[in-house]
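What follows is a single structure, written as structure tokens, with notes after it.
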Amino acid sequence: MKVYELIQELSQYKADTEVEFHVKANFDTDVEAEFDRDNENNTQEVTVTAEFDEIVDFDDITDNENRMYTKNIIINLEY
């Protein structure tokens with residue numbers, strides 16, 4: 001998405017309208033799980049599919065416009 005495209009999208013709303021950022025994602029992640037077993041190791045690393053569906057906060061913008069190859073900006077969000 002280009003900056004002007006984002007501005008065009010946002011310009012259809014009143015300037016004092018609150019903005020929230022919603023992120024919905026599914027991703028695989030490695031976690032350490034603990035099991036109640038007598039004859040095996042009780043702790044084991046497993047891969048699970050996690051679902052994230054939350055409102056996140058705006059953190060800042062990373063400016064990469066002056067880089068040689070990756071010329072972009074990154075909108076950083078935090079949870």
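The values are calculated or read from the model by the stated rules, or taken from the named source; none is laboratory data. What you see is a predicted model; the values in this text were computed from it and never measured. Please note: Cβ atoms are built from the backbone with ideal geometry, for glycine as well, and neighbour counts cover all protein chains shown.
Things to note:
- Among the residues of region 48-79, those that are among the polar types (S, T, N, Q) and surrounded by 10 or more Cβ atoms within 10 Å (Cβ to Cβ) comprise THR62, ASN64, ASN72, ASN76.
- Reported count of residues in region 4-41, each being surrounded by 10 or more Cβ atoms within 10 Å (Cβ to Cβ) and among the aliphatic types (A, V, I, L, M), is 5.
- Cβ-Cβ distances below 8 Å connect the following pairs, each with a first residue in region 21-39 that is over 13 Å from THR49 (Cα atoms), a second residue that is in a strand (DSSP E or B) and hydroxyl-bearing (Ser, Thr, Tyr), and a separation of six or more residues or different chains: GLU32/THR43; ALA33/THR43; GLU34/THR43; PHE35/THR43.
- Looking at the chain, the strands (runs of 3 or more DSSP E) lying wholly inside it that each contain 1 or more residues that are modelled with pLDDT under 90 sit at 21-34, 43-63.
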